[in-house]
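Colleague: Before we start, here is the structure in question, set down as structure tokens.
The values are calculated or read from the model by the stated rules, or taken from the named source; none is laboratory data. If you're wondering where the values come from, they're calculated on a predicted model, not measured in any experiment. Here the Cβ is made from the backbone with ideal geometry for all residues, glycine too, and neighbour counts use every protein chain on show. Heavy atoms of the whole protein, side chains included, go into the accessibility calculation; ligands, DNA and RNA do not. Shrake-Rupley method; radii C 1.70, N 1.55, O 1.52, S 1.80 Å.
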Amino acid sequence: MKCDIFVHVDFQNWNLSWVGHGAVLNIDGEVELDSIIMDGETLATGAVASVRNIANPVSLARAVMEKTDHVMLTDRGASMFAERIGIPIADDLVTELERKDWEQSSSFPVGVEKFFNTQWGHDTVGAVALDSLGNVACATSTGGIRNKMVGRVGDSPIIGSGGYADNRSGAVSCTGHGESILKVTLARLILFHMEQGKSATAAAEASLQYMGERVKGCGGAIVVSSTGDWAASFTTPCMAWASIKEDVLHCGLNPKEDFTERLK
Ligand code: ASP
């Protein structure tokens, strides 16, 4: 089960600390986290890659966006920046459950295979939002894929691949096989189709199908257009998602699932 959360609420007071702690482990049994955040009004963006000791890397990505002249910091530089601005260092992000799963796992290709063919647990979290003024934003945060090489950076922190937001079209956050998503720049591809007139669902489905055909990669995306059209689409066995629009909650996990509830 991958854990994408689709948010469709007022962005003004969006609190980003919802992104969970811990992650899958790399080949050396360590956590390395990737994250991006983007503001569709100004195209401001911040990202961190291969950070090891930050509980909420998306908060650090936001600080890169708001407090530096740069778009991305990696590994040591990201940790030094976190320390300088007072983001706490988390000593142990390795959960017991993940350590056990990692001990029983063998290689990156096996991890990718499980990712595509089973309802295997996963740790990527994404969000997209539209506020009452028509501003969109996206955020994506992940530990990547189990047994990745040390220093491997996936799609998640890469602008246009793991996420993109532009008020002129919409916002997207992606999950799935990072190397495939990178090759087709999935988030921008979805927005390109929307710019050409497709609905959010049609754009996400066409782009995911293209990724499957062109590079044999599976994945998923949550999408919101700047007019409020939204989608949660995936070609993996499942993707946990939820959306709130006005007082209606939608959520699902398996293909074609859409539970609806009116919120009080
Ligand atoms: N896309 C992420 C990566 O390849 C993994 C995921 O979405 O679960 O790093």
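Colleague: On the protein heavy atoms, probe 1.4 angstrom, tell me the percent of accessible surface of the chain carried by carbon and sulfur. Before the final figure, lay out the partial values.
Modeller: Numbers: 6200 of 11920 Å².
With neighbouring chains kept in place, the figure for the chain is 52 percent.
Colleague: Another question, then. Can you give me the accessible area per residue for the chain, using a 1.4 Å probe, in Å²? Write out the running numbers ahead of the final one.
Modeller: Details: 11920 Å² over 264 residues.
For the chain, the per-residue accessible area is 45 Å².
Colleague: Another one. Which pairs break 30 Å Cα to Cα here: K148/K245; K198/K256; K100/K264; K198/K264?
Modeller: Details: K148/K245 37 Å; K198/K256 20 Å; K100/K264 41 Å; K198/K264 33 Å.
Flagged as over cut-off: K148/K245; K100/K264; K198/K264.
Colleague: Something else about it: What distance in nm separates the two pseudo spin-label positions at V94 and D75, each 7 Å out from Cα along the beta-carbon direction?
Modeller: In this crude label model, V94 to D75 measures out at 1.8 nm.
Colleague: What GluC sites (Glu not before Pro) does region 161-264 have in DSSP loop regions with at most 14 other beta carbons within 10 Å?
Modeller: Values: sites: E179, E195, E205, E213, E246, E257, E261; in loops: E246, E257.
Within region 161-264, the qualifying GluC sites (Glu not before Pro) (loop, at most 14 other Cβ atoms within 10 Å) are E246, E257.
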